[in-house]
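So the structure is just underneath, and the comments pick up after that.
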Amino acid sequence: MNPYSLAAKPSPATSVQDARFAHESEEEFAGFLDFYGVRWEYEPTTFPLRHADDGRVIEAFTPDFYLPDLNLYIELTTLKQGLVTDKHRKLRRLRELHPDVQIKLLYKKDYLNLLAKYGVGDLGASDAAEVGEVLFTASEIERRLNELGAEITRDYAGKEPLFVGVLKGVTCFMADLMRHCAMPLGIDFMTISSYEGDRSGAVRIVQDLSENIAGRHVLIVEDIVDTGMTLNHLMRQLQAREPASLRVVALLDKRVRRLVDVPIDYVGFEVPDEFVVGYGLDFRQRYRNLPFIATLRPEALQRT
Ligand code: IMP
């Protein structure tokens, strides 16, 4: 139930077929939410921001999406930077008037990152010139793995956990992490379908685990948690299989971009709001074999 129903439309669009999107990026974003099974309403609420002396509303703000399950409004902005300033002002005003409203502004860069991660958009001339700054060298990764391995070994003493990884980004991390853990353990993998911008699918398990996890201590091993959508979906799926415990280790945490709050028990490194590649992470299946983790140059993300 939308808590601002006074200002809400009686029946906002909740499907791509019904919505009249103002911008192509909004439709793409709706497809992305559908894929992850996150319910949405398009422009359901208009927040009055300013009133004239006679009570007329003279300024209002209508965020693009409301996600009822997360109680979160999303405003996409693919406009030129100059025009974003006005949105910022409106958002500030909205927050003053309704400090309890949760709203996130997704910039063009965030949006391109989101699409790029699913391989939507053209790569253009593609070689290592697209790789930007190295964030973590091979030896920094190795050092952090030592610490993580020691911590996980301590926490699982006397148990035999099952490490569960989602292919393919996790390959390097899984291979290295398990060699830094000293207790007996098992490993298993699953493959889930990824959003390819076709707006018709939903997350599917393409290849399921080979082990039964009921009663097992499961540690999900993730390469990177970005919006949290994948992990949220995965945790719901695995929890339903009644493991004895379910924890998460993520090599990288892009916390600033989180949309769904998911618990992460062990984090390798926090990363800034940049698209990163290497050490298993790809951009359109490239760069997984880099032994370090680096940013991708923003030019590579631009759609042509
Ligand atoms: P989330 O569902 O938005 O949290 O995204 C998680 C998945 O997206 C990860 O398992 C990665 O496969 C992919 N991903 C997210 N950010 C990046 C990135 O910066 N580089 C490469 N892949 C990424």
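The values are calculated or read from the model by the stated rules, or taken from the named source; none is laboratory data. These numbers come from a predicted model, not from an experiment. So basically every Cβ, Gly included, is an ideal-geometry build from the backbone, and we count neighbours across all protein chains shown. All accessible areas refer to the heavy atoms of the entire protein, side chains included, with ligands and DNA or RNA removed. Shrake-Rupley method; radii C 1.70, N 1.55, O 1.52, S 1.80 Å.
Structure summary
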item: Conditions (1) within 12 Å of the ligand (Cβ to nearest atom); (2) under 18 Å from the mean Cα position of the chain (by Cα); (3) not small (Gly, Ala, Ser): number failed by Arg288; result: (2)
item: Residues of segment 3-30 satisfying the condition of being within 16 Å of the ligand (Cβ to nearest atom) and modelled with pLDDT under 85; result: Glu28
item: Verdict on Tyr279 being closer than 22 Å to Leu135 by Cβ and either within 16 Å of the ligand (Cβ to nearest atom) or surrounded by fewer than 20 Cβ atoms within 10 Å (Cβ to Cβ) (or both); result: yes
item: Tabulated pairs, segment 279-290, first small (Gly, Ala, Ser) and part of a loop (DSSP other than H, G, I, E, B), second near the ligand (Cβ under 10 Å from one of its atoms) and open to solvent by 20 Å² or more (accessible area, probe 1.4 Å), C-beta under 8 angstrom, 6+ apart or interchain; result: Gly280/Lys168; Gly280/Asp223; Gly280/Arg288
item: Given (1) within 16 Å of the ligand (Cβ to nearest atom); (2) more than 25 Å from Leu145 (Cα to Cα); (3) in contact with a strand residue (DSSP E or B) (Cβ under 6 Å, 6 or more places away or on another chain), index of the condition Leu259 fails; result: (3)
item: Some residue of segment 203-211 being more than 9 Å from the ligand (Cβ to nearest atom) and within 30 Å of Glu140 (Cβ to Cβ); result: no
item: Residues that are open to solvent by less than 20 Å² (accessible area, probe 1.4 Å) and more than 19 Å from Asp176 (Cβ to Cβ), drawn from segment 267-276; result: Phe275
item: Qualifying position, being touching a strand residue (DSSP E or B) at 6+ places or on another chain (Cβ under 8 Å) and part of a loop (DSSP other than H, G, I, E, B), among Leu246, Leu209; result: Leu209
item: Top-ranked residue of segment 255-266 - restricted to ones that are in contact with a helix residue (DSSP H, G or I) (Cβ under 9 Å, 6 or more places away or on another chain), open to solvent by less than 30 Å² (accessible area, probe 1.4 Å) and not in a strand (DSSP E or B), ranked as nearest to Thr295 (Cα to Cα); result: Arg257
item: Residue list for segment 223-248, filter: within 13 Å of the ligand (Cβ to nearest atom) and farther than 29 Å from Glu75 by Cα; result: Val248
item: Counted residues, segment 139-186 - those being surrounded by 14 or more Cβ atoms within 10 Å (Cβ to Cβ) and part of a helix (DSSP H, G or I); result: 17
item: Top-ranked residue of segment 157-170 - restricted to ones that are under 28 Å from Arg288 (Cβ atoms) and not hydrophobic (A, V, I, L, M, F, W, C), ranked as nearest to the ligand (Cβ to nearest atom); result: Gly169
item: Single residue of Leu185, Leu177 found to be within 16 Å of the ligand (Cβ to nearest atom), at pLDDT 95 or above and within 23 Å of Val267 (Cα to Cα); result: Leu177
